[in-house]
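Written out below as structure tokens is the structure these notes cover.
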Amino acid sequence: MARMNGPVKGGGSSGPGQPGGADGARGRGDRGDRRGGPPRERESRSALYKEDVVRINRCAKVTSGGKRFSFSAFVVLGDSKGKVGFGMGKAKEVASSIDKAVRNGEKNVKPFPIVNGTVPHEVEGRFGSSTVRLIPAAPGTGVIAGKSVRSVLEKVGIHDILTKAYGSRNPMNLVRATFDALSRLRTKEQYQVLRGVEL
């Protein structure tokens, strides 16, 4: 009888709290949701950085069974207080690709010098065949820029600026060119330290 009861007890391992039971199945489902990126995580990240999806591309892989689609997202995110970054992500679903892009962008967030809601001086940045020029503007001017460049300037916290784009109008190139221009900015104090003189 003891031998007969052994398998019965072993079968009870699939009850609640065990991997084979109802709770175990629910636990695996929770892990799958975390991998896909639940809306809660996106909300918690957006509380620290505001994100803006610049572009979403759809890629198709042709196989013997048909076409397999995937999506790549390009995201700009910042805190509107001088910090901004961009990231890319690719997944089989749009939401998952945006989650990956946000996680990648959080690693690339950097501070840039902003003076009175605008850039300290005129500067020009390039990436590929795209060129972006940033020109300081008086208070009340607003952000005079295209959609791609505006997404970066607003996320970094610039409120008044004039811009001009030359060459390629590819959104991703324009965003990278804008970041190149921001990386060339220097404040008056920084120039004094570099040159060793008072300005």
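The values are calculated or read from the model by the stated rules, or taken from the named source; none is laboratory data. Here the structure is a predicted model, which is why all the values come from computation and not from measurement. Note: ideal-geometry Cβ built from the backbone for every residue, glycine included; neighbour counts use all protein chains shown.
Based on this model, can you work out whether Gly167 counts as more than 21 Å from the chain's Cα centre (by Cα) and at positive phi? First the steps, then the outcome.
Working: more than 21 Å from the chain's Cα centre (by Cα): yes; at positive phi: yes.
When the stated conditions are applied, Gly167 passes them.
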Within region 157-174, is there a residue that is of a type in the set (D, E, K, R) and in a loop (DSSP other than H, G, I, E, B)? yes
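Which members of region 63-80 meet the condition of being without any contact (Cβ under 8 Å) to a residue 40 or more places away in the chain and closer than 12 Å to Asp52 by Cα?
We begin by selecting, within region 63-80, every residue without any contact (Cβ under 8 Å) to a residue 40 or more places away in the chain; these are 63-73, 75.
Across region 63-80, the qualifying residues are Ala73, Val75.
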Name the one entry in Ser97, Ser72 that is over 9 Å from the mean Cα position of the chain (by Cα) and outside any strand (DSSP E or B). Ser97
Which pairs turn up if I take residues in region 140-154 that are over 18 Å from Tyr49 (Cβ atoms) and look for partners that are among the acidic types (Asp, Glu) with beta carbon separation below 8 Å, at least 6 apart in sequence or on another chain? Gly140/Asp160; Thr141/Asp160; Gly142/Asp160; Val143/Glu154; Val143/Asp160
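To keep it simple, each residue is scored yes or no on (1) touching a helix residue (DSSP H, G or I) at 6+ places or on another chain (Cβ under 6 Å); (2) hydroxyl-bearing (Ser, Thr, Tyr); (3) at pLDDT 90 or above.
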site	(1), (2), (3)
Arg3	no, no, no
Gly17	yes, no, no
Arg28	no, no, no
Gly32	no, no, no
Glu43	no, no, no
Ser64	no, yes, no
Met88	yes, no, yes
Ile98	no, no, yes
Arg103	no, no, yes
So Val132 passes all but one of these: (1) at pLDDT 95 or above; (2) within 22 Å of Leu48 (Cα to Cα). Which condition number does it fail? (2)
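So, in region 143-152, how many residues would count as being loosely packed, with under 14 Cβ neighbours inside 10 Å and in a loop (DSSP other than H, G, I, E, B)?
Step one: list which residues in region 143-152 are loosely packed, with under 14 Cβ neighbours inside 10 Å, which gives 147.
Filter once more, so that each one left must be in a loop (DSSP other than H, G, I, E, B): none.
Result for region 143-152: 0.
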When you scan region 105-113, do you find a residue that is within 20 Å of Ile161 (Cα to Cα), at pLDDT below 95 and surrounded by 15 or more Cβ atoms within 10 Å (Cβ to Cβ), even just one? yes
Going through Val115, Val102 one at a time, which residue ends up being under 28 Å from Leu48 (Cβ atoms), aliphatic (A, V, I, L, M) and under 22 Å from the mean Cα position of the chain (by Cα)? Val102
Every residue in region 111-130 that is in contact (Cβ under 8 Å) with a residue 40 or more places away in the chain and assigned to a strand (DSSP E or B), please. Val115, Thr118, Val123, Glu124, Gly125, Arg126, Phe127, Ser130
Can you go through Gly140, Gly89 and tell me which one is over 20 Å from the mean Cα position of the chain (by Cα), of a type in the set (Gly, Ala, Ser) and either over 20 Å from Asn57 (Cα atoms) or not in a helix (DSSP H, G or I) (or both)? Gly140
Go through region 68-89 and count every residue that is loosely packed, with under 15 Cβ neighbours inside 10 Å and farther than 16 Å from Val156 by Cα. 2
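Which residues, counting only those in region 125-142, are closer than 15 Å to Asn170 by Cα and surrounded by fewer than 20 Cβ atoms within 10 Å (Cβ to Cβ)?
Applying the first criterion (closer than 15 Å to Asn170 by Cα) to region 125-142 yields 125-132.
Scanning region 125-142 gives Arg126, Gly128, Ser129, Thr131.
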